[in-house]
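Working notes, beginning with the structure itself.
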Protein chains: 4
Amino acid sequence: MKNPLHADASLASPTAFPKNPVDFRSDNCGRAAPEMIEALAAANSGTALGYGADALTARMQVRFSELFETPVRVFAVATGTAANAVALAASATPFGAVYCSAQAHVNTSEVNATSFFGGGTKLVAVAGPHGKVGPDALAAELAVAGKGLSHRSQPAAVNLVQATDLGAVYSIDETTAVGAVAREHGLKVHMDGARFANAVAALGCTPAQATWKSGVDILSFGVTKNGGLLGDAIVVFTPELAPDIGLHLRRAGLVWSKMRFASAQILAYVENDLWLRLARRANAAAAAIAAGMEGIDGVTLRAPVQANELFVEMAPARVDGLEEEGILFQRRSAGLARFVCRWDTGEDEVMRLIAAVRRGSVDRKEQAGANQ
Amino acid sequence: MKNPLHADASLASPTAFPKNPVDFRSDNCGRAAPEMIEALAAANSGTALGYGADALTARMQVRFSELFETPVRVFAVATGTAANAVALAASATPFGAVYCSAQAHVNTSEVNATSFFGGGTKLVAVAGPHGKVGPDALAAELAVAGKGLSHRSQPAAVNLVQATDLGAVYSIDETTAVGAVAREHGLKVHMDGARFANAVAALGCTPAQATWKSGVDILSFGVTKNGGLLGDAIVVFTPELAPDIGLHLRRAGLVWSKMRFASAQILAYVENDLWLRLARRANAAAAAIAAGMEGIDGVTLRAPVQANELFVEMAPARVDGLEEEGILFQRRSAGLARFVCRWDTGEDEVMRLIAAVRRGSVDRKEQAGANQ
Amino acid sequence: MKNPLHADASLASPTAFPKNPVDFRSDNCGRAAPEMIEALAAANSGTALGYGADALTARMQVRFSELFETPVRVFAVATGTAANAVALAASATPFGAVYCSAQAHVNTSEVNATSFFGGGTKLVAVAGPHGKVGPDALAAELAVAGKGLSHRSQPAAVNLVQATDLGAVYSIDETTAVGAVAREHGLKVHMDGARFANAVAALGCTPAQATWKSGVDILSFGVTKNGGLLGDAIVVFTPELAPDIGLHLRRAGLVWSKMRFASAQILAYVENDLWLRLARRANAAAAAIAAGMEGIDGVTLRAPVQANELFVEMAPARVDGLEEEGILFQRRSAGLARFVCRWDTGEDEVMRLIAAVRRGSVDRKEQAGANQ
Amino acid sequence: MKNPLHADASLASPTAFPKNPVDFRSDNCGRAAPEMIEALAAANSGTALGYGADALTARMQVRFSELFETPVRVFAVATGTAANAVALAASATPFGAVYCSAQAHVNTSEVNATSFFGGGTKLVAVAGPHGKVGPDALAAELAVAGKGLSHRSQPAAVNLVQATDLGAVYSIDETTAVGAVAREHGLKVHMDGARFANAVAALGCTPAQATWKSGVDILSFGVTKNGGLLGDAIVVFTPELAPDIGLHLRRAGLVWSKMRFASAQILAYVENDLWLRLARRANAAAAAIAAGMEGIDGVTLRAPVQANELFVEMAPARVDGLEEEGILFQRRSAGLARFVCRWDTGEDEVMRLIAAVRRGSVDRKEQAGANQ
């Protein structure tokens, strides 16, 4: 058997990376905003008490309460998965059920983090358009959930991904509608805002409107994908969810002892609307691609492009072609490609992607002609 | 009842912090090494695949295999608690027992992280000097542990803290002796090296000698306390422990998507012996304080000062005096003070601490004289 | 707020129960087979070592190896949920996914037992007819499951309910087909045989043919629903699944210290084909009802009646009528009734149920006539 | 490697068991009280709704509220380990610490059940005489426990074993003293009453005095060891602990669907003081042995014999001698033997044990003489 300690040996000499790549693999492939690295470097002065008892972390509490126009608690955490799992563990019990879209990140891409942190908490998929939880589908699930019956998972929370895992954005009305169903049944509302900035930028609303004013109890506030480096955050709106979060994080090894370096990043992220400016750039790139693909024969968007992701259906041969050209993206299936725009996606990348797709179109037409 | 969202309001306006503090609270109160921040900033170029599939992370694998003179797997993680808990989860089962010192960090300061990650894994305290696990005490525990009996926790691993939580350092012989008992009983050996650099610097041995050559299977490789900022690491020597670690980390939200920024730090940390140079400074400061306290009447070291921590027993009134003077440190009990030296502890801090303790000594003598 | 210690006060004076009820609520509402109680009483002699180290439990191992025509390990447990959860925990890891029918008992009726025992293990619903897992649907799920990717739940096992939760029975070929897909992808096959006796009786095959010869690795061997009282069993066919089961059971408080009384019951259950004789009676009652309902206008069976359960679709008013008449059954929804036959279901109960449904039919026709 | 499915093959032909054994191995080696088996058999009539919604279970609620002179909730469970683990899970959080004697059954003999059910809950050993938790030692532990600090296990509950695992009995005053410390620090008090009947019989008090009147919040009510067969119970005195217990039990597969057969046993157990009559017999046997051993040279009781267990220190050769004679008991170490009396321990067994120990004494004297 292979020695697992040699498992990554191939990685040590990665295949030469193209000089000017056209890279739509993920927003986590992008750079950090220089402002955030500068803030981190600026925090490196003097001594500071550990585990969040420092002045920058205290300032972050104040700053986020201003940002959200209500008293909140904010916890810097290492990753969005950690934010989601702890937020849901605070919202549910080990016997609980969390309702989410089948496409939700917690359901598809976080191993079993929700049940790990929750001590058994179950995910239940609910239908809805474009990666959303539909309020009617949620109400229908809850009607037969058997709350109070000891052999049934107890309805506890609903998870909304904003922007969704298919690149769509919940309108304020949509969030409010799900929130109303949730409240009626005693569920907490968790918003997975890994791309919250992209959604708020798209909605043109305030962070408050997008969250607690629409019924959200607790938010995974994404930073990494939108110009951050090593941290995201949990923002708590509903007081009863706050008390155990520090313990959840501490026992999971998620509380940095040199917290000031995390808080510094997050403070810089929300200063002077940096977060929204970064998100607008990514959204604009995605919109440009969507516009550029409009009218190309045989190219269909699977969901409306409202944030920074595009899910594009094409003939498999066309997707092959993009790969052969060296365009970097995630192939979800033979005929489905995901393109994600970063805050630092270049205009040339956008142009080259559109051109490549168009070329595929020409090729296909030529091929079709040749076949006649 | 108080709204928990207001819980930290007081932190927002922290009491004015002294300009030139004498700060021995913890090594996690210190700054990051500028080299590490520079490395992090230098990593902020181009795009890179997420979750550790980048070139810097690949390079880290190679670099650590060189550093430890054997193929290893290294995983960057957010904190030492995460490193410990995952390393032990990889070494034990939910039915398992991990033997450790009563003073071990895993036993005193990580909430219930070991059992959380391990699915129930239990800690069993074993006697030994100065925060160490004694090989004879371990053998005695194992003799009555009832391995194979289904109603007993199954002996699985031993946890050695290097340097210990009382500031002592396992000699190579001591590590080897515990390792031999462990192997004889089928236990894995985990070394909690939150202060591994301080221990290696003190021992003057190679990292290999301090670990796998002495029987260590898996290491929590501390970075944060010794000039790091937001990351530590797990180093795996024994191949069979490696395969599930990626899953353990992923489901705990401990895998950064922009991993390159963590790997860059850790690479800088071990480059040009930075880690050992930093540790030597902290160790030297501690040694200077120990020397300065020698012969002061009524001042006793609880354990030999071999790394960067001092545990000092004094009359409670003397400890009061230090607090009143504004010296910053951790008071473990009425008459026990912990002083931790950082890599950036100033010579003036060392001098001022020694002087303050001495003064306490004078005061006490004067007081004693006055009382006559 | 109500004192929860008074919560069940109403139960203390249950509403008068009808003398000769027509009771199709569940097979767990039935009596125990007198042979089993006699065996339990006969075990009450002399002393016996605890926790399964007694002669009856040893004999049970031998007897089940004979019954299944291969060496097996058998563990008596308190309930079918315990059997399922431990069998799956032995077959999966905390990072694992278990594939099952959406209707599977583990998915609908065991709170979060699978993830509790498995330390996070996830259930994934797979399509199939009548509560079955379809081999093609399973293969399709596995094709996109992302085995080996650290952010995905790792495919671990498949759960087949035999007879299914809709009263159907997997043919040998169907079990074999699912088993083949499972083996191809490295999955273990768990059969939830809460109604295994009913299925074997229906198939007319040997227990071996229904299980390990068709690819089953581990079986929840149901006893309670088919004439048992306080115990079911786990039967292990695949050696690698056996070693940890004793520990799983012990830490869950599922190992009786006076095990002989459980083993005695289970031995009696399989002696002289008692288990099959009991199951045949329940199956026959169900078949009689199915035959009696045939041709009644507006009455449809949702799934073939192959074991002892019937799922019957009728107009809601008709279901109301059955309730008003005092027929006892489980109403799954407005127009869906479940009728379960026990080993001790009386012929009169069968007759009275058919007559009541028929009457509903007449009423409806009369009503229809009256409305003309 | 050996096939684990053959693991128990040797058990199938157990070594011939002596006809009239002298058996002090455990009280779980004894028979069930015939009254309890009769009650179980009598419950086997008609149909009854499952999972505890039957008339016998309702009656058990009423009967136990009478027995304890206060409204209580009672849950029949399979084993004492299940009772302990669920009672503690209801009393603590995953971040919690449960204080117990080092000798406590939960600490020595239940694998990691407490942390499994509690989601990580930690056990902390507290000093005290004869397997008890001492109130002062508990107070001292709590004084340094760091409640509210997020890196410390949060003090949650204290576990008292009554009678203790060394055969001693808490006096009412002792229970009350621990209860007072617990309440002062916000801890719940759990009594592990695996031998509760023996303790109550020894104390001559009411069940109420031994429990809630002395500060006990929740009780594991032992049945199996004192004449039961397949069930114990949890009795809840403090309302806030009740609501989740049904879910804890259900997800652990600990709720029998044919609950009436468990409730019938437990009702019979407390009817006409059966439980106390059985316990008095076991206690009397133990007292007779203690009296018989008094004054035997070289034979020392490790703890006062107040219930039905004796822990006897003797020269190792003497313990060898008892084993050679075929006396059955548990050897805790070379020179420590445990003898447990059952409700059905025969007078001849008592006599033969005393005689054997005496003979050892003679032998030793003779040997000592011979050595002169």
Whichever residue in region D:128-154 is touching a helix residue (DSSP H, G or I) at 6+ places or on another chain (Cβ under 6 Å) and within 14 Å of another protein chain (Cβ to nearest Cβ) and, among such residues, is modelled with the lowest pLDDT: D:SER150
Hits in region D:135-167 (condition: in contact with a strand residue (DSSP E or B) (Cβ under 6 Å, 6 or more places away or on another chain) and of a type in the set (Lys, Arg)): D:LYS147
Scope region C:1-43; condition more than 8 Å from chain D (Cβ to nearest Cβ) and at pLDDT 95 or above; matching residues: C:VAL22, C:PHE24, C:ASP27, C:ALA33, C:GLU35, C:MET36, C:GLU38, C:ALA39, C:ALA42, C:ALA43
Residues (touching a Leu at 6+ places or on another chain (Cβ under 9 Å) and more than 14 Å from chain C (Cβ to nearest Cβ)) located in region D:93-109: D:THR93, D:PHE95, D:GLY96, D:ALA97, D:VAL98, D:TYR99, D:CYS100, D:SER101, D:GLN103, D:ALA104
Among (1) surrounded by fewer than 24 Cβ atoms within 10 Å (Cβ to Cβ); (2) modelled with pLDDT of 95 or more, the one test that C:ASP165 misses: (1)
Failed criterion for B:ILE245 (all others in (1) over 30 Å from B:TYR51 (Cβ atoms); (2) surrounded by fewer than 24 Cβ atoms within 10 Å (Cβ to Cβ) hold): (1)
Odd one out for B:VAL158 among (1) part of a strand (DSSP E or B); (2) in contact with a Ser or Thr (Cβ under 8 Å, 6 or more places away or on another chain): (2)
Which numbered condition B:GLY292 misses (of (1) small (Gly, Ala, Ser); (2) at pLDDT 95 or above; (3) over 28 Å from the mean Cα position of the chain (by Cα)): (3)
Filter result (at negative phi, among the small types (Gly, Ala, Ser) and within 9 Å of another protein chain (Cβ to nearest Cβ)) within region D:44-76: D:SER45, D:ALA48, D:GLY50, D:ALA53, D:ALA55, D:ALA58, D:SER65
Scope region A:58-100; condition closer than 26 Å to B:PHE261 by Cα, outside any helix (DSSP H, G or I) and under 15 Å from the mean Cα position of the chain (by Cα); matching residues: A:VAL77, A:ALA78, A:THR79
Search result, residues across region B:208-245 that are small (Gly, Ala, Ser) and in contact with a strand residue (DSSP E or B) (Cβ under 6 Å, 6 or more places away or on another chain): B:GLY215, B:SER220, B:GLY222, B:GLY231, B:ALA233, B:ALA242
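Looking at B:GLY360, B:GLY346 in this structure, which one is farther than 22 Å from B:LYS132 by Cα and either modelled with pLDDT of 95 or more or out of contact with any helix residue (DSSP H, G or I) (no Cβ under 9 Å at 6 or more places or on another chain) (or both)? Break it down into steps so the answer makes sense when it comes.
Working: B:GLY360 fails: either modelled with pLDDT of 95 or more or out of contact with any helix residue (DSSP H, G or I) (no Cβ under 9 Å at 6 or more places or on another chain) (or both).
The match here is B:GLY346.
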Hits in region A:320-357 - residues which are buried (at least 23 other Cβ atoms within 10 Å of the Cβ), free of Cβ contacts under 8 Å to residues at least 60 places away in the same chain and touching a Lys or Arg at 6+ places or on another chain (Cβ under 7 Å): A:ALA337
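Go through region A:207-224 and report how many residues are in contact with a Lys or Arg (Cβ under 8 Å, 6 or more places away or on another chain) and either surrounded by fewer than 23 Cβ atoms within 10 Å (Cβ to Cβ) or more than 14 Å from A:VAL270 (Cα to Cα) (or both).
Quick first cut of region A:207-224, residues in contact with a Lys or Arg (Cβ under 8 Å, 6 or more places away or on another chain) only: A:215, A:217-218, A:222, A:224.
If we keep only those that are either surrounded by fewer than 23 Cβ atoms within 10 Å (Cβ to Cβ) or more than 14 Å from A:VAL270 (Cα to Cα) (or both) too, we end up with A:215, A:217-218.
The total comes to 3.
Every residue, every condition in (1) farther than 30 Å from D:THR81 by Cβ; (2) without any contact (Cβ under 8 Å) to a residue 12 or more places away in the chain; (3) assigned to a strand (DSSP E or B), yes or no:
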position	(1), (2), (3)
C:ASP173	yes, yes, no
C:MET191	no, no, yes
C:ALA201	yes, no, no
C:ALA233	no, no, yes
C:LEU249	no, no, no
C:VAL255	no, no, no
C:ALA264	no, no, no
Among (1) in contact with a Leu (Cβ under 9 Å, 6 or more places away or on another chain); (2) in a strand (DSSP E or B), the one test that B:LEU229 misses: (2)
Selection count where residues are more than 8 Å from every other protein chain (Cβ to nearest Cβ), within 20 Å of B:LEU230 (Cβ to Cβ) and of a type in the set (Lys, Arg), scope region A:235-285: 1
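The values are calculated or read from the model by the stated rules, or taken from the named source; none is laboratory data. On a predicted model such as this, the values are computed, not experimentally measured, just so you know. All Cβ positions, even for glycine, are placed from backbone atoms using ideal geometry, and neighbour counts span all protein chains on display.
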